[in-house]
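Following: one structure in structure tokens, then a few remarks.
FYI, it's all coordinate maths here, none of it is from the lab. These numbers were taken from a predicted model, which means no experiment stands behind them. Neighbour counts are summed over all protein chains in view; Cβ atoms, including those assigned to glycine, are modelled from backbone coordinates with ideal geometry.
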Amino acid sequence: MDVLVLIGRLLFVPLFLGSAVGHLTQTEGMAAYAKSRGVPSARIAVLGTGVMLAVGGVLVLLGLWADLGALILFVFLVSTAVLMHSFWKETDPEARQNEMVQFLKDLALGGAALMLFAFFAYVGDDLGLTITGPLFDLR
């Protein structure tokens, strides 16, 4: 099972690490988009979420307090779904559909991140192929 969880971690994090690079290298463009979506202090929010993506992704990838990393990604994903993809505000049918898809994608990934958090925090030190055990204990 340890190898399967490792493969799952390796497949789960590239999206977040790639997004972190985008947030931290294309900050101005992303901040302009975030501002257009009504995000307050958009530049700071983009930089902050870039750090969240990087830290959460690296923690899950390495198995270094992977439960904390998954929790960070969960918070990012759910807040992004609500703040950035508010499809219910769109009047154009195509834009509404696109935002709904992005909203549901973020919710689905948020659910997966929450399950990872629970898994890591419950299994604890019994899971191999990690650098540390979990920070939280759900047993």
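Report, by chain and number, residues whose modeled amide H sits under 5 Å from the one on L64, excluding near sequence neighbours (fewer than 5 apart, same chain).
Counting only residues 5 or more places away or on other chains, the set is I131, T132.
Quick one: dipole size for the chain, taken about the Cα centre, charges +1 on Lys/Arg Cβ and -1 on Asp/Glu Cβ, in debye to the nearest 20.
Dipole of the chain, to the nearest 20 debye: 320 debye.
Which translational diffusion coefficient, to the nearest whole µm²/s, is obtained for the range 89-139 from the Stokes-Einstein equation, given a Kirkwood hydrodynamic radius over C-alpha pairs, 10 °C and 1.306 mPa s?
Here the translational diffusion coefficient equals 120 µm²/s.
Between helix 93-123 and the chain, what is the angle of the helix's C-alpha long axis to the longest principal axis, kept within 0 to 90° and rounded to the nearest 10?
The answer is roughly 20 degrees.
Against the longest principal axis of the chain, how steep is helix 2-12, in degrees 0 to 90 to the nearest 10, with axes from Cα atoms?
10
Compute the distance in nm between two label points, each set 7 Å from the Cα along the Cα-to-Cβ direction, one at V58 and one at F87.
3.4
Among [x] 15.7; [y] 16.6; [z] 15.0, only one was calculated for this model; which label is it, if the read-out is Kirkwood radius over Cα pairs in Å?
Entry [x].
Output the 0 to 90 degree angle, nearest 10, between the alpha-carbon long axis of helix 27-36 and the longest principal axis computed from the alpha carbons of the chain.
60
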